[in-house]
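Novice: I have a structure I would like to understand better, so I am pasting it below and will then ask my questions one at a time.
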Amino acid sequence: MREVEYKSHGVPLEDYQLTRRDHRWQRELEGICDLARRQVDEHLAEIRAKPEMAERQRENLEEVCKLMLSFKTPEHMIMRWRVRLYCGHIVETSRH
């Protein structure tokens, strides 16, 4: 694996204090996650009740996975950066 080199500009947001907006945004995101989790649970219950639907969905997901795995993002198109999470931890993330 190749060595990753970072440009450092100090410690961004070292003394950053969360605002009311930050807290509100976090609550909204948690609400979205809860809703998505409930919708997935409902969908899974529906699939359990209809085995033929589960088989069709499995086949469709296999096709989508094969298609997605067939594309490789070139290394030069992947951006990496460190982000501070709501909890205060800093993690490295990457996206194309």
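The values are calculated or read from the model by the stated rules, or taken from the named source; none is laboratory data. Quick caveat, the model's predicted, so the values are computed rather than measured. With ideal geometry, Cβ positions are generated from the backbone for all residues, glycine too; neighbour counts draw on all protein chains shown. With ligands, DNA and RNA removed, areas are computed over all heavy atoms of the protein, side chains included. Shrake-Rupley method; radii C 1.70, N 1.55, O 1.52, S 1.80 Å.
Novice: Of the residues GLU92, GLU62, which is of a type in the set (D, E, K, R) and part of a helix (DSSP H, G or I)?
Specialist: GLU62
Novice: Given the criterion modelled with pLDDT under 90, open to solvent by 100 Å² or more (accessible area, probe 1.4 Å) and in a strand (DSSP E or B), identify the matching residue among ARG48, ARG82.
Specialist: ARG82
Novice: Further question on the same structure: Can you tell which of ALA36, ALA54 is in contact with a helix residue (DSSP H, G or I) (Cβ under 7 Å, 6 or more places away or on another chain) and surrounded by 10 or more Cβ atoms within 10 Å (Cβ to Cβ)?
Specialist: ALA54
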